[in-house]
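The values are calculated or read from the model by the stated rules, or taken from the named source; none is laboratory data. Note that the coordinates shown come from a computational prediction; the quantities given were computed from them, not determined experimentally. So basically every Cβ, Gly included, is an ideal-geometry build from the backbone, and we count neighbours across all protein chains shown.
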Amino acid sequence: MIGRNTKYDLLPALLIAVLAFGGGVAANYAPPQLGQMAVVFPWGTTEKQALGAIIAAGGSYVGPTRFGNIPVAMATDAGFAARIRAAGAMLTLAAQGLCAPNQTQTTAI
């Protein structure tokens, strides 16, 4: 019926907008195979534990981010992401935005 509005009229447009936004975020934060990537460890992981896992997985430590459980690592081969997840990381992200290296913060490891 024309002129009758229901609360579900905008649901398809809202669903498309949410999916487009989510796809854009996922594409923007997809980790590279090589180079710098943010490594997300479970909450409560210390910087020392994260550094040990990064080195054991064959990467090198670049620096901290704004979050204590998300350091930035340098991956020199394509298998690093799988090895770091096997070492306890939850996922890897592109090292940009909130997950970019925080060079103003000093850490003692």
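If you take the residues of the stretch 68-80 that are under 17 Å from L51 (Cβ atoms) and not β-branched (V, I, T), which of them is modelled with the lowest pLDDT?
This residue is G68.
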Check your understanding: Which of (1) assigned to a helix (DSSP H, G or I); (2) modelled with pLDDT of 90 or more; (3) not hydroxyl-bearing (S, T, Y) is the odd one out, the single condition A38 does not satisfy?
Key -> (1)
Check your understanding: Would you pick out the residues in the stretch 31-62 that are of a type in the set (G, A, S) and either under 11 Å from A95 (Cα atoms) or crowded, with 19+ Cβ neighbours inside 10 Å (or both)?
Key -> G35, A38, A50, A53, A57, G59
Point to revise | Conditions (1) modelled with pLDDT under 90; (2) within 16 Å of P31 (Cβ to Cβ); (3) exposed (fewer than 14 other Cβ atoms within 10 Å of the Cβ): number failed by T65 | key: (3)
Point to revise | Residue check for A50: touching a helix residue (DSSP H, G or I) at 6+ places or on another chain (Cβ under 8 Å), at pLDDT 90 or above and outside any loop (DSSP other than H, G, I, E, B) | key: no
